[in-house]
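The values are calculated or read from the model by the stated rules, or taken from the named source; none is laboratory data. Since we're looking at a predicted model, the values are computed, not measured. Ideal geometry is used to build each Cβ from the backbone, glycine not excepted, and the neighbour counts take in all protein chains shown. Accessible surface areas use protein heavy atoms only, side chains included; no ligands, DNA or RNA. Shrake-Rupley method; radii C 1.70, N 1.55, O 1.52, S 1.80 Å.
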There are 2 protein chains.
Amino acid sequence: MPADAWLEQLRDNGYRLTKARRAVVETVEKTTRALTPVEVFDMARKKYRALGLVTVYRTLEKLEELRLIQRVHQPQGCQAFIAAGVGHQHLLLCQNCGQAAFFDGDDLEMLTNAIARNTGYQIQDHWLQLFGLCANCR
Amino acid sequence: MPADAWLEQLRDNGYRLTKARRAVVETVEKTTRALTPVEVFDMARKKYRALGLVTVYRTLEKLEELRLIQRVHQPQGCQAFIAAGVGHQHLLLCQNCGQAAFFDGDDLEMLTNAIARNTGYQIQDHWLQLFGLCANCR
DNA sequence: TCCTTATTGAAAAACATTTTCAATAAGTAT
DNA sequence: ATACTTATTGAAAATGTTTTTCAATAAGGA
Ligand SMILES: [Mn+2]
Ligand SMILES: [Mn+2]
Ligand SMILES: [Zn+2]
Ligand SMILES: [Zn+2]
């Protein structure tokens with residue numbers, strides 16, 4: 001999804017299109033690895049010098065609400081964000097360079113049915129994430 | 001695993017058995033939901049009044065090193081810990097009361113092979129976590 | 001161009017975690 | 001039991017991150 005579509009989403013939800021937001025959106029949208037707020041700040045500031053870190057936090061918050069980005073959980077920390085996958089997808093992360101890819105096609109029906117039977121839980125959702133080495137790094 | 005086994009693990013690794021550590025270990029070991037450091041502090045302090053929050057952090061750090069506890073990642077936050085599963089197990093969490101259960105038997109071979117083929121990644125590890133409602137809460 | 005108000009960045013506050021440090025107590029040797 | 005060594009402790013301070021406050025600004029509609 002191009003950065004313009006993100007900006008359109010923001011506008012359609014009543015948010016104003018500012019230089020700060022454009023810089024943040026363009027940075028996150030075109031990066032294929034998870035970025036922390038400070039990383040977004042450093043990168044986006046090259047596009048818009050006056051940008052404040054507070055605005056990065058506020059913009060990430062809105063982008064997450066609109067489901068344009070999602071938080072990435074990792075052993076080293078869970079403060080990073082990445083452009084969200086479309087539909088039912090999960091993340092595959094390179095443990096060396098952080099390069100992220102999405103995949104789909106996971107079918108956990110059988111598993112969750114068996115677990116529901118064994119545990120008495122009603123299963124509503126799942127998190128699945130793969131770690132490995134990307135083609136470049138391996 | 002009983003609390004004594006945890007204490008034994010600590011002792012075997014050269015750590016001293018103190019009142020503070022006993023209080024933390026007993027608290028975390030017998031609780032079946034994820035606890036934050038402050039929650040551990042509040043609960044363990046009932047067993048040992050002089051306990052300091054700093055020591056809770058330090059003890060949790062050691063228990064994690066020894067793989068007796070593991071960090072629990074959730075949408076609301078990732079600062080909570082729970083007694084670790086044995087062998088290859090994953091967590092199932094009640095979204096209402098936090099009650100946790102472990103399950104095993106997930107077989108992702110087919111999936112990861114297909115993804116490795118499609119993406120060029122060499123897959124080394126996976127995180128899987130289920131969310132739902134426990135028998136009591138549903 | 002004017003007007004309203006959402007948005008901004010800076011500063012301060014709040015919060016979570018880590019480090020520093022002198023006092024204490026666990027475990028071992030005597 | 002006692003003495004000794006030093007890992008461990010809690011309090012305080014420091015650090016790092018995220019949120020709140022607030023007056024100035026600028027986006028977008030009239
Ligand atoms: Mn899935
Ligand atoms: Mn598994
Ligand atoms: Zn890589
Ligand atoms: Zn429950």
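Going through (1) open to solvent by less than 40 Å² (accessible area, probe 1.4 Å); (2) in contact with a Lys or Arg (Cβ under 7 Å, 6 or more places away or on another chain); (3) not hydrophobic (A, V, I, L, M, F, W, C) one by one, A:TYR15 falls short only on (1).
The listed residues are B:ARG49, B:ARG67, and the only one of them that is within 16 Å of DNA strand C (Cβ to nearest atom) and assigned by TED's automatic domain parsing to the domain that holds B:GLY14 turns out to be B:ARG49.
Here is the figure for segment B:62-112: residues that are within 16 Å of ligand 1 (Cβ to nearest atom), in a loop (DSSP other than H, G, I, E, B) and not aliphatic (A, V, I, L, M) total 3.
When you look at B:CYS78, is it assigned by TED's automatic domain parsing to the domain that holds B:ARG11 and at pLDDT 95 or above, yes or no? Judged against the criteria, B:CYS78 is a match. Looking only at residues of segment A:8-34 that are within 11 Å of DNA strand D (Cβ to nearest atom) and either at pLDDT below 95 or of a type in the set (A, V, I, L, M, F, W, C) (or both), we find that the one that is nearest to the chain's Cα centre (by Cα) is A:LEU10.
Between A:LEU92, A:LEU128, which is under 30 Å from B:ALA135 (Cβ atoms), touching a strand residue (DSSP E or B) at 6+ places or on another chain (Cβ under 9 Å) and facing another protein chain (nearest Cβ under 9 Å)? Outline the logic, then answer.
Working: A:LEU92 fails: under 30 Å from B:ALA135 (Cβ atoms).
Unique residue meeting the criteria: A:LEU128.
If the condition is being away from ligand 4 (no atom under 16 Å from the Cβ), touching a Leu at 6+ places or on another chain (Cβ under 9 Å) and of a type in the set (Asp, Glu), then segment A:87-138 contributes A:ASP106, A:ASP107. Put simply, of B:ARG58, B:ARG21 the only residue that is within 11 Å of DNA strand C (Cβ to nearest atom), open to solvent by 60 Å² or more (accessible area, probe 1.4 Å) and part of a helix (DSSP H, G or I) is B:ARG58.
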